[in-house]
Amino acid sequence: MKKEDIYRLLEQVLYEFPVQQIEYYIPKWVEMLEESHEIKQDLLENVRAYMDGIEKVRDVRNREFTAQSSFIRAMKQEAMDLSSGTLKVQVDFDPAYYYRTLSELTGAAIDGEYQLIAAVRELSKMKKEYEQVQDALQAVRMKGYGVISPVKGEITLEEPVVIRQGNKYGVKIRSEAPSIHLIRANIETEIAPIVGSEQQANDLIAYIRENQQTEDGIWNTNIFGKSVEQLVEDGIRGKLTRIGDECQEKLQDTMQKVVNDLSGGMVCIII
């Protein structure tokens, strides 16, 4: 028996060993999808189908597999390590679904590289703006008040002027910058439909409580042609519109005086 025959025989023996492991190589963007995502679920179904009937190394030789998927373009056997029984499979996806997934995640229409770069720039700009207000938003949610401090580019400096105090002189440089003050104000609104008799009012309460047990809960409960959600939104909107332009200007002037001139307590009178 020649050396080549021995190698061929040993190779045939190795083909009878079981497949110990199958490694699937997929794009990073697919890895980051949630398990419940349709692309991830479709991948798992095709992985199960690919593994069906594979037990020995011999089973993967010249194996052809066509993925039953609109997302997966091909599942190709890249390599078979006979020493460890490890099969490596490359999974290729249709590039169109990469951009479709990005569109779903970002909420922006992305059809190619141009739209992708434009979206990244826009989202980066929005991220920087949000970082400036993030601490203030957290503060207003926790204690009801938060301040967005001005950045360097928003600060204006006036020309320095000479000042005199007694027989001494100095220099004064005045600066001005916008600060944004966030104040949480809880809006109270009521739904108080007049239905008639006491029994009718009790029947309406029973109807509302019954709807609380449904999937949509009390929000979609219909009262005189409108849902509870619509009635609450109308009440909130009505109170918000009371703060007209004149009131807004007065609030702004008051806040500026508080920020710049307050040295003690504060008294507010609402007429």
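So that you can scan it fast, the table gives a plain yes or no per residue for (1) farther than 30 Å from K226 by Cα; (2) of a type in the set (D, E, K, R); (3) modelled with pLDDT under 90:
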site: G144; (1), (2), (3): yes, no, no
site: P150; (1), (2), (3): yes, no, yes
site: V161; (1), (2), (3): yes, no, no
site: Q165; (1), (2), (3): yes, no, yes
site: I173; (1), (2), (3): yes, no, no
site: P193; (1), (2), (3): no, no, yes
site: E210; (1), (2), (3): no, yes, yes
site: Q213; (1), (2), (3): no, no, yes
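If the condition is being over 17 Å from the mean Cα position of the chain (by Cα) and of a type in the set (A, V, I, L, M), then region 111-132 contributes L116, I117, A118. Pairing each residue of region 119-143 that is farther than 19 Å from S179 by Cα with any residue that is in a helix (DSSP H, G or I), provided the two are 6+ apart or on different chains, yields C-beta distances under 7 Å for A119/T106; L123/T106.
Among residues of region 231-247 that are farther than 11 Å from I187 by Cα, those with a beta-carbon under 9 Å from a residue that is in a helix (DSSP H, G or I) at least six positions away or on a different chain give the pairs I243/L251.
Selection of region 31-61 for residues being among the β-branched types (V, I, T), modelled with pLDDT under 90 and within 30 Å of L105 (Cβ to Cβ) yields only V47.
Taking the criterion of being surrounded by 10 or more Cβ atoms within 10 Å (Cβ to Cβ) and over 30 Å from Y130 (Cβ atoms), the only residue of region 173-185 that qualifies is R174.
Filtered by the rule that a residue be closer than 18 Å to Y25 by Cβ and part of a helix (DSSP H, G or I), region 47-79 gives V47, R48, A49, Y50, M51, V60. From the list A74, A96, A79, A119, the one residue that fits, being among the small types (G, A, S) and not assigned by TED's automatic domain parsing to the domain that holds D42, is A119. Taken over region 127-163, the criterion of being loosely packed, with under 10 Cβ neighbours inside 10 Å and in contact with a Gly (Cβ under 8 Å, 6 or more places away or on another chain) is satisfied by V162 alone.
The values are calculated or read from the model by the stated rules, or taken from the named source; none is laboratory data. Quick caveat: nothing in here was measured; it's all calculated off a predicted structure. Every residue, glycine as well, gets a Cβ built from its backbone with ideal geometry; the counts of neighbours run over all protein chains shown.
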